[in-house]
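The values are calculated or read from the model by the stated rules, or taken from the named source; none is laboratory data. Everything quoted here is computed from the prediction, not taken from an experiment. Methodologically, a virtual Cβ is constructed for each residue, glycine included, from the backbone with ideal geometry; neighbour enumeration extends over all protein chains shown.
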Amino acid sequence: MLTVYSKSNCPFCEKATHLLKSKNIGYNEIKIDEDNEAREWLMAQGHRTVPQLYNNGTVFVEGGYQGLAKLSDEEFKQRLGETNASE
């Protein structure tokens, strides 16, 4: 399942989660403005913007929402693996 690192009142975060919902892709959302430990971890990974998307601890796609929006359905399947696409 994907992990979406986001923050409150972030339009790109909202677009990213809406896109995942529209494709029936399960995700866990962690708001870094509410979870200081997650914010520190994300910054330690070199990120300074949200949303950031991870799959099993590795970056799912570079570029946040814009990178996510560029993925084709086939690329989603390849990156998630067929079994995770409908979680």
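Structure values in brief
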item: Count - residues of segment 1-14 that are under 9 Å from the mean Cα position of the chain (by Cα) and among the hydrophobic types (A, V, I, L, M, F, W, C); result: 3
item: Residues (in contact with a helix residue (DSSP H, G or I) (Cβ under 8 Å, 6 or more places away or on another chain) and either hydrophobic (A, V, I, L, M, F, W, C) or without any contact (Cβ under 8 Å) to a residue 24 or more places away in the chain (or both)) located in segment 1-19; result: MET1, LEU2, VAL4, PHE12, CYS13, ALA16, LEU19
item: Filtered residues of segment 1-11 (kept if in a loop (DSSP other than H, G, I, E, B) and under 15 Å from HIS47 (Cα atoms)); result: LYS7
item: Residue list for segment 64-87, restricted to those being part of a loop (DSSP other than H, G, I, E, B), surrounded by 14 or more Cβ atoms within 10 Å (Cβ to Cβ) and at pLDDT below 95; result: ALA85
item: Members of segment 29-41 found to be under 27 Å from ASP73 (Cα atoms) and either of a type in the set (D, E, K, R) or assigned to a helix (DSSP H, G or I) (or both), listed by number; result: GLU29, LYS31
item: Within segment 26-54, tally of residues that are within 11 Å of the chain's Cα centre (by Cα) and hydroxyl-bearing (Ser, Thr, Tyr); result: 2
item: Matching entry among ASN36, ASN56 (being without any contact (Cβ under 8 Å) to a residue 24 or more places away in the chain and at positive phi); result: ASN56
item: Every residue from segment 12-28 that is farther than 19 Å from GLU62 by Cβ and either among the polar types (S, T, N, Q) or not in a loop (DSSP other than H, G, I, E, B) (or both); result: GLU14, HIS18, LYS21, SER22, ASN24, ASN28
item: Single residue of TYR27, TYR5 found to be in contact with a Phe, Trp or Tyr (Cβ under 8 Å, 6 or more places away or on another chain), of a type in the set (Phe, Trp, Tyr) and surrounded by 11 or more Cβ atoms within 10 Å (Cβ to Cβ); result: TYR5
item: Check on THR17, under 11 Å from the mean Cα position of the chain (by Cα), on the phi < 0 side of the Ramachandran plot, of a type outside the set (A, V, I, L, M, F, W, C) and at pLDDT 95 or above; result: yes
